[in-house]
Every structure is written in structure tokens, then in C-alpha cells.
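The next block holds one structure in the form of C-alpha cells; read it before the comments.
Throughout, read-outs are computed from the coordinates displayed, never taken from laboratory work. Just so we're clear, the structure is a prediction, and the values are computed from it rather than from any experiment. In this analysis, Cβ positions are derived from the backbone assuming ideal geometry, glycine residues included, and neighbour counts consider all displayed protein chains.
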Amino acid sequence: MRRIPWELLALPALGISRALPDTGWGLWVRLAAATACLLLPGALVARALRVGLFSAVLAWSLGALFVVMAIVFAVHASLTLALVLLGVIVAALAVAVGRRFLQGQTPPGSDPWIVAAVAVAVAGLGLGIALWFITTHLTGGDDFFHLARVRKLDDFGGLSLRAVDEFRDGGLHPGYAFPLWHSFLALVARLAGVDPSQVVLHEASLLVPVAFLVAWEAGKRSSARPGAGWRCCSPRFPCSPSRQVMAARTRRWRCRRPRAASCSSRP
């Protein structure tokens, strides 16, 4: 049993989470389990290649999702086919990784940075929990733009690149011609069994630890200085995840402020 990849625990966790309520902490567990399941392909590939980087897990997972959604758009199918194809990929990778473990080709090994990585993930989890309670509703603007694309992917049957356009016969969006991230969010909603609006609202809270780990790994690899990875996660670093999260929350808070007070002072 110890040779079975522990990443596969995400599958029974998803089944258990579906028995929880779709609000409050139950919603958090549902979204976390669904996100973990979508990261399974990359986790298994990284384990097979003995690459101990979470950025590799994210990259391989999105790569697998790109291939799956390209097939879905080509045959004009629904997200059901995407889930079936992802299940086939996960099953094939699990068998391959299991065989390599049994043959002794990929021993687990120990990562000297595992303690620091766990600390980074815990720090990101803390900020994500705070973000969860701060974000209470969609604020308009791009929120509804992204929600519309995610809902179309979740509801429509014959999917194509033009099926998720903003306007009929309007052409492909220059920035979202291939809706890879919207497909990720739609699959999270389908796996978690929740409305896409809840995913658009709260999925960012679940992804803060992911952003922290990717930024920490980039800083650790790009600089030989001690603590370079931590500085890439600090709010003092301009492109750090925590800095971007706080900037985005500040902009949304300013958009939600009532304008009556400012208008009343005008002559």
C-alpha cells in the first residue's frame, strides 16, 4: 500500500466532500478537493519524473487540461467528455507510476526543502482564509465577464471556441481565444457540485497557497541568497502573490464604497 501514490487520496476526498454542505466550510472543502483532483495529472507526472517542484505540478496539469479541452472543442462535446478524458489520463499515470515504484525505478527520496515548502504553503493558506472572509460577493466588471464564460462552459453541450464569445458572431476574444483557465474553473464547479458563481468568487482563496509555492520556488531557483524564495512571497516585493492579492482587494473595496458621501460635498 505504501507504493500507491499518496496524491490519489484526492479522489476519495472529493467523494467525501460531496456529502458536506455547499456553504461555509463545506464549500471550502469541496473546492479544495476538486482543485486537488484537477492537479492530479501534473502531480503524477512530477512524481514519475522525480521533479519535486509544485510549479511543475501546475504546469503539467494545465498542459493536460489544454490537450483535453482541445479535443472537447474539436468534437463539439461537453465538459463530461473532459472529465472522462482526465480520468483516463489519471488512471494511466497512476498505473505507470505504480509500476515504476514496484520496479524500484523511482524511490520516493527526501526533499531538504520540504519543511520550508510546507511553511510557505501554510502562510499562503492563512492569507487565503483571510481572503475568503473578505470576498463576500462579486463586485461587477470583470467578475461577471469571467463568470459568463465559466457558466457557458458548464452549461452548454456542443462546446467550441466561438460558443463562449461575448457576442454572437463577435469573433474570438484576443486575450481569451482559448479559455484554458475558464475551463479549469468550470471543471472545479462540476467536480465540486456547486454553482460557477461560487467558484469565481472563492477559487482565488484556494489558489493563494499555489501562488505562494510557485513564487517561492522561482525565487529559490533564481537567486543563491538565503531567503530569496521568501522575499518573492513578501508584500514588499512588487510582483509577489501577497502584494497582488492585497492590491486587487483594495481596488475592489474602493469600487464598493458608496459614492453618496463624496457626491454630497460637491456644490
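Key figures for this structure:
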item: Gap separating the Cα centres of the stretch 181-206 and the stretch 17-58, nearest whole Å; result: 13
item: Packing-based order for 11-17, 133-139, using average beta carbon neighbours within 10 Å, highest first; result: 11-17, 133-139
item: Selection of trypsin sites (Lys or Arg not before Pro), the stretch 1-99, meeting DSSP coil and at most 10 other Cβ within 10 Å; result: Arg2
item: With 10 Å bins from 0: P(r) over the stretch 1-50, alpha-carbon pairs, percent; result: 27, 43, 24, 6
